[in-house]
Amino acid sequence: MERPVFEKLAAEAFRSIPERFLKRLGNVVILVEDRPTPEQNAVGAHEGEDELDILGLYEGTPLTELPGDPSGMLPDVISLFQEPIEEEAEASGLEPFEVIRQTLIHEIGHHFGLNDEEIEKIFEERWENEP
């Protein structure tokens, strides 16, 4: 899909995140890239996924680790990787919007200091049924 269409879906997915989480994002920038770099892939890959491209990546300081005065810090970045997300949507049968939304939720969870297991549990229990 064309980049503007993907970015529109990403913006819609971002707006679909519950407000109670969005208002705590603060200094986070969301970027859309074609694919992760090898370095990003190495940082974000889960065990056994070395040959796969990651869908998204959070780079920054989680809220749980922020110093008392975070002024002067660069913004945190959530990268969404368009081509792997489109490939995952096709392979899973999900709409690209859903894969984007799930990826955003996952990376926002890292911003809040959660690990992968905690994010998955919260998604299954709470966010999966929210608009």
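Using the Karplus curve 6.51 cos²θ - 1.76 cosθ + 1.60 with θ = phi - 60°, what ³J(HN,Hα) values do you get for each residue of region 115-123, in whole Hz, with x for Gly and Pro?
8, 4, 5, 5, 4, 4, 5, 5, 4
Across 10 Å bins from 0, what is the distribution of all Cα-Cα pair distances for region 3-129, in whole percents?
Going out from 0 Å in 10 Å bins, region 3-129 shows 12, 44, 36, 7, 0 percent.
Contour minus end-to-end for LEU74 and GLU118, with contour as 0.36 nm per residue of separation and end-to-end as the Cα-Cα distance?
13.2 nm
Please give the length that would be gained between GLU86 and GLU7 if that part of the chain were fully extended, namely 0.36 nm times their separation in residues minus their C-alpha to C-alpha distance (nm, one decimal).
Contour length minus Cα-Cα distance gives 27.2 nm.
No lab work stands behind these numbers, since they all come straight from the coordinates. Computed from a predicted structure; not experimentally measured.
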